[in-house]
Structures are given as structure tokens and as C-alpha cells.
Amino acid sequence: MTTVSQISPAIDPTTQGAALSDDANWWRQASVYQIYPRSFADGNGDGIGDLRGIISRVPYLAKLGVDAVWLSPFYPSALADGGYDVDDYRDVDPKIGTLEEFDEMVAALHGAGIRLIVDVVPNHSSDRHVWFQEALASPKGSNARERYIFRDGRGENGEEPPADWTSIFSGPAWTRVEDGQWYLHSFATEQPDFNWKHPEVHEEFLKTLAFWSDRGVDGFRIDVAHGLAKDLPEELPSKAELKAMPKDGTHPLWDRDDVHDIYAEWRELFDRYDPPRIAVAEAWVETPERRAKYASPKGLGQAFNFDLMEADFDAEHFREIVTDNLAQSAVTGSSTTWVFSNHDGVRHATRYGLPPREGRPFKQGADWVLAGGPEDGIDKELGLRRARAATMFELALPGSAYLYQGEELGLQEVAEIPDEQRQDPAFWRTTAEDRGWDGLGRDGCRVPLPWTREGSSFGFGEGVAHLPQPAWFADYAVEVEDGVEGSTLEMYREALRLRRELQTEETLTWDEELSSGDVLAFERPGGWLSVTNFGAEPVALPAGEVLIASGPLDADTEGAVQLPGATTVWLRRAGA
Ligand code: NOJ
Ligand code: CA
């Protein structure tokens, strides 16, 4: 049996792995592993993941073979929204570490040849941020209030909110303060929106970006990148009016054209570093054309596309998405991004095991749980099989692949979290009846990782994990999969290794002969062929040397090898 110490040996981080390349384009086809810090590894046994924990797992990340880590917020926070409510943008939450540990973590990652991208949350701060506290203590119309979006209320005594808007997490988007004014929060009450018309807000974020860049951070993931610029008229539109307004760059709240002036400022700062710091936008916009603006080299440089995350497991749909996004990146000069799972959606191994439903598939967990519990109609085995095939499809594509912690274990979404232990404001701001936004919320994909099959919190740490782990987590532990042929972990390791070896130019050619019906095949330069069978029935395995498959290949009665349903295989073309 593999012991824990073999999985996480004591290391001198500075002597680990490959050196960082000085290639300014390192990000274009990187595999990026998202760490949700409070749920990754707990170094001091208090039940909350921390920087110590991450440092201890750098060898694991190096062995996995990722190029970069994206670290979700680790800043001081009351955790009203899992850290996306930031008290202080230039410090580490004492619950999870110190600035010195942050520096140590950067050195350990860099020493292992892994870059670091950190999350920046510029649309809103937390209500504990010193500026918001100052705003509360300052009079109406003061400079301190101007950094946020305060308005008088409607009604005789201003007792009604300035507008009937609802927050993205449900519930009202305006909250009243002691002297009767109201402030805007697009998300939770504890997340007041900044006023980006205020020059001090610009200065504050330039200072923050420089602070982390100077500490060796390689790039930034920009939260709600489409929300910063706002232009609110004196007479506020109603919720219905807002909804009817086109999101073509002129909307008062979302995806305004002038948001790109902010990113032009940031780009100037990024380019002062060598290699330039990179950024990836989280921008939920209407069209690929509007997304392209965020990916401009004059702006953030790259933008998430969540198209695959929202798609059904379907050959035609996948092909359309890949074609559109590659065409788009050819226009912007950026590289595209691929995502199947993150801290906001139902894990793809679970999503793909659910019966097909209408609506946005990555939120499907909601319907599923509300329909009668976690085991209602779910086929976990099929879900995992498809997820593995989808991931191998993704890893063969040109562009950056963003992976979410735990997906390399084939981890499933956790539905069975008692209400009182749930943390997500998207859960708490809704009722069972109107739980439209995200069903049970996002805690189910944020449950601390299982590292060992037994022991306190399955090796996450020595304490009780801050979100409860179900007993079945043992089956997905790193210890269970490490070194085991055919395990999801070993598949990720081998696919990531091969990807590094095989990846050259950012081009792809569809193999029209092989691509038909449920089969989708494409070739990358050098004869690297990826073939996915999205259907249920096996198909003949194309010719070539098998490099890796997402599941076992079948033999038919004649003894010929077949590509089973929900499986991806990578082949090297003969003569290549
Ligand atoms: C997007 C983040 O991914 C999500 O987790 C967060 O709740 C919202 N932005 C608000 O910051
Ligand atoms: Ca801890």
C-alpha cells in the first residue's frame, strides 16, 4: 500500500522539478490547476485549507504535470462568499497563512517549474474593507461614499430601495445603511460594488496588481471582469427595464465598452514586468465577439470561455464550440481557454451522469437534488467515463486548459451537506421555492479533497474539514489512485505529460473521414490524433499507435480493437 509520506514527501521546494522557462508565451497553451485554498490541504489541523498545506503538496502538483496554479482568493475575508469578499487586497488571511508563507509558496511552485496566477476581485470589496467602513462612518456625499455606489432611497422617507434590482445571488441588490442611504451590491450584502469612476479605486488596484507582481506572481484571474464599469443615470431603470436593455457595450451595469479603458491601464502595468504578467477575464458576456474584447492583447489578454462547461456531452455541439472559439482567438491573437469544472459549477463527472435536462447543464445539480436526492437517476460511472473522455478531448485542444482541484481524481459533486453546514450565499439568499440561481449552491464542489482512504478528513488535515466529506470520498482519495493503472489520477498525469511532449503550434485539423455521427476526431501537428466516441456503441479504432485512452479499449469478436462509447483515444498517426 502507498503510504501518505510517499504521496507527499518532505521536500526542499527549491530543488524540485524543472526551472521556469523565460518564454513570455508560457500561458498560451498552459494547463492551469485551480486551487480553492480553503479546501485543498490543511497544514495546521484547524479544518481550513491553508498555504502550508499547498506548500506541502507542491510535489503532488509537479507530479501531476500542470504548468500553472490559479489560486482562488486567499485574502483576509469573513468568507461571506468563500473569500470573494475581500477585506484587504494586499495581505493573506491569517486563517490560512502569512505573507511570508505566500512567498515560500511562490518559491516552492516556481522551484517546481509551476507558475502562479492569483484571483483579483475588483468589482466589489467586502463590507469589512477599511474603505467601506470609512464610507459607513462618513456622511452622505463624502469622498469615502463616492468610492462605492450609494444612493438615496425612494418613498416618502427613502425607505424603499433606489431600484427593485435583485442581486446575482437572489434577494435585493440594495441594502440600507444607518443614515438611510442605500448601497449597491451585485452579489451578497457583504460585497459592496466599487465605483470605478473614482480615481482612487483605479490607483488602489494598480497598487494591488504591482504588489503581487513584485512578489513574483505570474498572472491574475479577474473576477467579474465585465462588471467594473457602470454608468447609472440619475433616474434608475427598473429591473425589467435593465433586463430589456441590450448588452452591446451600452448597458448601465454589464459589459460596458468603457470597462476596457481600465484594462488598458492594467496592461501598461503588466507589460512593465519580464515576462509580462498575464491575466484571464471571468466575463459572462453575450457573444464571442464581446468576449474577444477582454482577450485583446491591449487588455487582459485572455478570457474564459465556459462554452464546454455549459454544453451537453455531444459531438456536434463540441465541434461547433471548438470551431467558434478557435476562430475567435485567431481574430484576437489570444489563445482560447477550456473549462469543464470550477468552484462555481457542478463537477463534470457528476453533470455527465445526470439524465439530460433543459437549461444550463452546469447548474444541473440543482434540478437533480431538488428532484429527489443525490441518487435520483444519476449514473456516476457513466458520468466519470464521459468526464474522462471530455478531459482528454480538452487536453488535446490548442489553448489553455483550466482544471479544477479534484477533477484529476474523478471526484463527484457532494449533495448530502446538511443545510446548517452550507456556506454559499447563493444557498442562503434563496428559499427552497425560489432556488433558481444555483439550486443547492456551490458547496458541493468545494468539499475538501480526500488525500488518504482513512484518517481524519481523509488526509486533508488533522482536524474536521470545514465542509463535511461523505464516506464515499475514500474511494477517490489520492492514495487510492496513486500508481494504480487506469485510475483517473494516472490518466491525468499521463495525458498532461504527453500533452507537454506533443504540443506545438496552436492549430487543429478536423479529420473529416473519422468525424461522423457520435465520433469527433482532430489532428494536431506532428501526427497527434485525438478521437472521441461520444455515443454509447463502440466504433472501430482508427489506425495508429495508441498513446493513451480515457478508458479500456474493447476487442470485438474478431479480435479487432474497438473504441468504446464515452471514450477518447490519442493516437500517433503512422508515418508521423
Ligand atoms: C465569480 C466567482 O467565481 C464566484 O465564486 C463569486 O461568487 C462571484 N464571482 C462574486 O465574486
Ligand atoms: Ca488550516
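Take residue 501 and residue 462, extend 7 Å from each Cα along the Cα→Cβ direction, and tell me the distance between the two endpoints in nm.
Result: 4.1 nm between the two label points.
Could you work out the per residue convex hull volume over the alpha carbons of the chain, in cubic angstrom?
153
So what does log10 I(q)/I(0) come out to for segment 55-207 at q = 0.15, 0.16, 0.18, 0.21 Å⁻¹, using the Debye formula with one equal point on every Cα and no solvent?
Log-scaled intensity ratios, in q order: -0.82, -0.89, -1.04, -1.28.
Report the Stokes-Einstein translational diffusion coefficient (µm² s⁻¹, integer) for segment 491-557, Rh taken as the Kirkwood radius over Cα pairs, at 10 °C with viscosity 1.306 mPa s.
The Stokes-Einstein estimate is 120 µm²/s.
For segment 426-576, report the convex hull volume of the alpha-carbon atoms normalised per residue, in Å³, without decimals.
204
Relative contact order (percent) for segment 157-224, with alpha-carbon contacts under 8 angstrom and 6 or more residues of separation?
17
Where Rh denotes the Kirkwood radius from the mean inverse Cα pair distance, what is Rg over Rh for segment 130-184?
0.98
Applying 1/(1 + (r/R0)^6) with R0 = 45 Å to the Cβ-Cβ distance of residue 475 and residue 231, what FRET efficiency is obtained, to the nearest 0.05?
Calculated transfer efficiency: 0.30.
Sorting 168, 262 by accessible area (1.4 Å probe), largest first, what list results?
Ranked from most to least accessible, the order is 168, 262.
If you wrap a convex hull around the C-alpha atoms of segment 313-352 and split its volume per residue, what is the figure in Å³?
72
Check residue 440: other-chain or 5+ apart residues with amide H under 5 Å from its amide H, H built from backbone geometry?
Under 5 Å from the amide H of residue 440: 366.
Counting only protein heavy atoms, what percent of the accessible surface of segment 43-172 is carbon or sulfur at a 1.4 Å probe?
50
Can you tell me the dipole magnitude for segment 130-184 around its Cα centre, using point charges on the Cβ only (Lys, Arg +1; Asp, Glu -1), in Debye to the nearest 20?
200
Keeping all protein chains in place, calculate the accessible area per residue for the chain (probe 1.4 angstrom), answer in Å².
Ligands and nucleic acids excluded, the figure is 38 Å² per residue.
If contacts are Cα pairs under 8 angstrom and at least 6 residues apart, what is the relative contact order of the chain in percent?
In percent, rounded to a whole number, it is 13.
Sort the following peptides by mean Cβ neighbour count (other Cβ atoms within 10 Å, averaged over residues), highest first: 477-485, 342-350.
Going by the mean number of other Cβ atoms within 10 Å, highest first, we get 342-350, 477-485.
Non-local amide H neighbours of residue 539 (under 5 Å, H modeled in plane, Pro and chain starts lacking H): which ones?
For residue 539, whose amide H was placed from the backbone, the distant partners under 5 Å are 563.
As a check on your grasp of the helix formula, calculate [θ] at 222 nm for the chain: sum -39500 (n - 2.57) over DSSP H runs of n ≥ 4, divide by the residue count, round to the nearest 500.
-7500 deg cm²/dmol
Say each of residue 561 and residue 206 gets a label point 7 Å from the Cα, pointing the same way as Cα to Cβ; how far apart are those two points in nm?
5.8
Note down the nm distance, to one decimal, between modelled labels 7 Å out along Cα→Cβ at residue 23 and at residue 537.
Output for this residue pair reads 4.2 nm.
What shape does segment 378-497 have by the C-alpha gyration tensor, where a ≥ b ≥ c are the square roots of the eigenvalues, rounded means a/c under 1.5, and otherwise prolate means a/b greater than b/c and oblate the rest?
Verdict is oblate for segment 378-497.
Under a straight-distance cross-link criterion of Cα-Cα below 26 Å, which lysines are reachable from residue 380, leaving out those fewer than 8 residues away in the same chain?
363
Any idea of residue 337's accessible area? Nearest 10 Å², probe 1.4 Å.
0
Take segment 188-256, compute every pairwise Cα distance, and split them into 5 Å bins from 0; I just need the percent in each bin.
3, 13, 17, 22, 18, 11, 7, 4, 3, 0
The values are calculated or read from the model by the stated rules, or taken from the named source; none is laboratory data. As the structure is a prediction and not an experimental result, all values here were calculated from the model. Virtual Cβ from ideal backbone geometry, glycine too; neighbours counted across all protein chains shown. For accessibility, only protein heavy atoms count, side chains too; no ligands or nucleic acids. Shrake-Rupley method; radii C 1.70, N 1.55, O 1.52, S 1.80 Å.
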